[in-house]
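Reviewing the structure listed below.
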Amino acid sequence: MSSMQKVLVIQLARMGDVLQSSALVQGIREKNPDAMVTFLTSEKTRDVASSIGGVDDVISLDFGQASGIASDREAGLSERYRRLSSLLNDLKGRCFDLVYNLNYSCVNTGLMNLIRYRRALCYSLDTSRRQIVKSPWLSYLLSMLGDRRLNLFNLVDLYLRGSGLSVRKPSLSFQLDRRAMDSVDRFLTGQGIQHRERLVGFQLGAGDSVRCWPVDSYRVLADRLIRRRGVRILLFGTSSETPQAEALKACFTAEGTDPTRRGLVIDLVGKTSTRELACFLRRCDLLVTPDTGTMHLACAVGTRVLALFMGSAFPHETGPYGTNHFVLRPVLPCYPCFEGGPSCTSQECKRLIRPEKVALVVERLLAGNNGDLEKGVSDFLDSNLILLRSAMTPDCVGYSRVCQSTASLEDVFALAYRAMWQGVLDEDRICDSSGQANVLEALAVPLHGGDLVGDLKEAERDFDRLQRMLAAYGASMRGGNGPSGPDLNLMAATLRSEEDKRSRWAKPIPRFFDVEYANIRLSGRDVNRRVERLVGGLAWGAGFMKAFVRRLVRTLSS
């Protein structure tokens, strides 16, 4: 990048998504400290975007109005563009050298047609400028929706990889406002809370009800923490969660309640600005929360998180970003479900995360000794509940089980695929033997399950077939002028049929080919050359997985 490059970041989703985009701004700044960074967001998240370190200017629009315009099929295309343009007065006359578009939506398609720019990353436009084209890493994200438990890449890191950015120490960013901090300190002092008093925050709601922990579970947790640890509880949430907050608080203020317990639960639901919420979170020793924007805000201000992941929320995708956060998640065949999918009638994932188990984790975290947590966790967690701890590698976050004694084939293949996809998509072909050894070392526990060797040998045959097929296609593409369009379509159809034939462990490779091949064809740019690189990369990836499985079989058989 050259000096004074004009950069636009587009993130129109919710508060959590905006905070998850802050590491990308960090990457832009590390690559070009003199860049002029503008952030385009919705009006509801303007305060969040303006508090991200490294952002020079924030432009907001009414996302609801923009969505209504973009989806109005009764209006012609030119009329929709005219109405969208009227929402972008602050961008008129400006031209950007680079746009990082982080949303895949019809609104963003329209906006990208109205903004003047030289180059776009993450989600750009096809040659017709009517459809979104994805970067390979974001094609990967879409392709893994069919088996999310095999994905170990957090959305924050996918934004960075999809942008081609690297960060020395990636983190979420939110700059605390001094006036808000002073106001929060005065409020807490007025409640009789001293600086050294232990505070635990409860985030009561989430964007999707399927991700919410029951209010009665919060009540049991609050009662135990107050009785055994003498903590104060701060309740957070939006105004829509006021009834839950009042129900919980009433348990500690009702007539006949021990007077010494009154005032120990402080209701802040719907009563804080975003900047004030950040300051309250900063004062907490711990936040107990589902997958929410408040969770990401706590990470950004340096507060430890215990996240309760249920329903459609999957920690490896959107878990708390940073070091030494914790996640409790259920072990169920249906977990994680799809957001916006059929309504769940059993709510089994919420039942499995029982308040007494959450309390045991919280108590150990408040004691400040992670060693005690690891020594005792196997005593109170059963096979239907997993406790994860976050840690940062040099360039991304990972989540490992606390006190894992055995691993499943799913664990094995998720780790192996993580190494493989980095080689395929970053085009950094790590040495097969060292990459496989690193996966086995990271596993470091015995495997459990049924006929492991039988399942692995079947997977080895699948990977071998895929490798030979992809290598043959690659060789044919390198000869002469490359295949014609019909030849490419036949190749894609053949690989698509392979997805149906293969075992679960081999399906991600043909599935990714299908998504990225359609993406390349849509872009209309250098199709043959890019398909050849795609085929070559996946042939290497299938070979990596085959060799890894073979090595694992030898280890199990020895």
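Every condition in (1) open to solvent by 10 Å² or more (accessible area, probe 1.4 Å); (2) touching a residue at least 40 places away in the same chain (Cβ under 8 Å); (3) closer than 27 Å to residue 346 by Cβ holds for residue 324 except the one numbered (3). Residue-level check: of (1) open to solvent by less than 10 Å² (accessible area, probe 1.4 Å); (2) touching a strand residue (DSSP E or B) at 6+ places or on another chain (Cβ under 6 Å), residue 57 misses just (1).
Conditions tested, residue by residue: (1) within 32 Å of the chain's Cα centre (by Cα); (2) closer than 27 Å to residue 132 by Cβ; (3) of a type in the set (Ser, Thr, Tyr).
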residue: 511; (1), (2), (3): yes, yes, no
residue: 518; (1), (2), (3): yes, yes, no
residue: 523; (1), (2), (3): yes, yes, yes
residue: 527; (1), (2), (3): yes, yes, no
residue: 544; (1), (2), (3): yes, no, no
residue: 548; (1), (2), (3): yes, no, no
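For the range 116-146, a residue qualifies if it is open to solvent by less than 20 Å² (accessible area, probe 1.4 Å) and touching a residue at least 60 places away in the same chain (Cβ under 8 Å), and the qualifying residues are 126, 133, 137, 139, 140, 143, 144. Scanning the range 382-404 for residues that are in a loop (DSSP other than H, G, I, E, B), open to solvent by 10 Å² or more (accessible area, probe 1.4 Å) and touching a helix residue (DSSP H, G or I) at 6+ places or on another chain (Cβ under 7 Å) yields 384, 402, 403. Candidates in the range 503-514 are the residues that are touching a Phe, Trp or Tyr at 6+ places or on another chain (Cβ under 9 Å) and over 15 Å from residue 412 (Cα atoms); of these, the one that is surrounded by the most Cβ atoms within 10 Å (Cβ to Cβ) is 509. Checking 4, 15 one by one, the residue that is farther than 24 Å from residue 321 by Cβ and either within 20 Å of the chain's Cα centre (by Cα) or not small (Gly, Ala, Ser) (or both) is 4 and no other.
Within the range 504-558, the set of residues being touching a residue at least 40 places away in the same chain (Cβ under 8 Å), at negative phi and not in a helix (DSSP H, G or I) comprises 507, 525.
When you look at residue 268, is it surrounded by 20 or more Cβ atoms within 10 Å (Cβ to Cβ) and of a type in the set (A, V, I, L, M), yes or no? I'd like the intermediate steps shown before the answer.
Values: surrounded by 20 or more Cβ atoms within 10 Å (Cβ to Cβ): no; of a type in the set (A, V, I, L, M): yes.
Answer is no for this residue.
Residue-by-condition table, conditions (1) farther than 22 Å from residue 134 by Cβ; (2) surrounded by 14 or more Cβ atoms within 10 Å (Cβ to Cβ); (3) in contact with a His (Cβ under 7 Å, 6 or more places away or on another chain); (4) modelled with pLDDT of 95 or more:
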{"site": "66", "(1), (2), (3), (4)": "no, yes, no, no"}
{"site": "71", "(1), (2), (3), (4)": "no, no, no, no"}
{"site": "80", "(1), (2), (3), (4)": "yes, yes, no, no"}
{"site": "83", "(1), (2), (3), (4)": "yes, yes, no, no"}
{"site": "89", "(1), (2), (3), (4)": "yes, no, no, no"}
{"site": "93", "(1), (2), (3), (4)": "yes, no, no, no"}
{"site": "99", "(1), (2), (3), (4)": "no, yes, no, yes"}
{"site": "108", "(1), (2), (3), (4)": "no, yes, no, no"}
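Whenever a residue of the range 226-244 is touching a residue at least 60 places away in the same chain (Cβ under 8 Å), its partners that are of a type in the set (A, V, I, L, M, F, W, C) and open to solvent by less than 10 Å² (accessible area, probe 1.4 Å), lying with C-beta atoms within less than 6 angstrom and at least six residues away or across chains, give the pairs 231/200; 231/225.
Only one of these conditions is not met by residue 311: (1) farther than 25 Å from residue 171 by Cβ; (2) in a helix (DSSP H, G or I); (3) touching a residue at least 12 places away in the same chain (Cβ under 8 Å); (4) not hydrophobic (A, V, I, L, M, F, W, C). Which number is it? That leaves (2) as the condition not met.
Would you check which residues across the range 327-362 are open to solvent by less than 10 Å² (accessible area, probe 1.4 Å) and out of contact with any strand residue (DSSP E or B) (no Cβ under 9 Å at 6 or more places or on another chain) and list them?
Keep residues of the range 327-362 that are open to solvent by less than 10 Å² (accessible area, probe 1.4 Å), which gives 327-328, 330, 335, 353, 358-359, 361-362.
If the condition is that a residue be open to solvent by less than 10 Å² (accessible area, probe 1.4 Å) and out of contact with any strand residue (DSSP E or B) (no Cβ under 9 Å at 6 or more places or on another chain), then 359 is the only one that fits.
Of all residues in the range 148-171, those being among the hydroxyl-bearing types (Ser, Thr, Tyr) and assigned to a helix (DSSP H, G or I) number 2. Quick one: in the range 149-159, of everything that is open to solvent by less than 10 Å² (accessible area, probe 1.4 Å) and touching a Leu at 6+ places or on another chain (Cβ under 8 Å), which residue is nearest to residue 330 (Cα to Cα)? My answer is 151.
Filtered by the rule that a residue be closer than 17 Å to residue 177 by Cα and either assigned to a strand (DSSP E or B) or among the acidic types (Asp, Glu) (or both), the range 271-297 gives a lone residue, 276. Open to solvent by 30 Å² or more (accessible area, probe 1.4 Å) and either in a helix (DSSP H, G or I) or aliphatic (A, V, I, L, M) (or both), is that true of residue 176? It is true that residue 176 is open to solvent by 30 Å² or more (accessible area, probe 1.4 Å) and either in a helix (DSSP H, G or I) or aliphatic (A, V, I, L, M) (or both). In the range 363-408, what residues are aromatic (Phe, Trp, Tyr) and at pLDDT 85 or above? Hit for the range 363-408 is 399, nothing else. Looking across the range 469-512, just one residue is at pLDDT below 80 and of a type in the set (A, V, I, L, M, F, W, C), and that is 488. Out of 97, 57, one residue alone is touching a residue at least 12 places away in the same chain (Cβ under 8 Å), over 30 Å from residue 322 (Cβ atoms) and among the charged types (D, E, K, R). It is 97.
Hey, can you tell me all the residues within the range 177-222 that are small (Gly, Ala, Ser), free of Cβ contacts under 8 Å to residues at least 40 places away in the same chain and over 30 Å from residue 312 (Cβ atoms)? Write out each step before concluding.
Of the residues in the range 177-222, the ones small (Gly, Ala, Ser) are 180, 183, 190, 192, 201, 205-207, 209, 217, 222.
Next, only the ones that are free of Cβ contacts under 8 Å to residues at least 40 places away in the same chain stay: 190, 209.
Hit for the range 177-222 is 190, nothing else.
Among what's in the range 167-208 and is basic (Lys, Arg) and out of contact with any Leu (no Cβ under 9 Å at 6 or more places or on another chain), pick the residue that is nearest to residue 362 (Cα to Cα). In this case the residue turns out to be 196.
The values are calculated or read from the model by the stated rules, or taken from the named source; none is laboratory data. Just so it is clear, the structure is predicted and the values come from calculations on it, not from any experiment. Cβ atoms come from the backbone with ideal geometry, glycine included; neighbour counts cover every protein chain shown. Ligands, DNA and RNA are stripped out before the accessible areas are found, and what is left, the full protein with its side chains, is counted by its heavy atoms. Shrake-Rupley method; radii C 1.70, N 1.55, O 1.52, S 1.80 Å.
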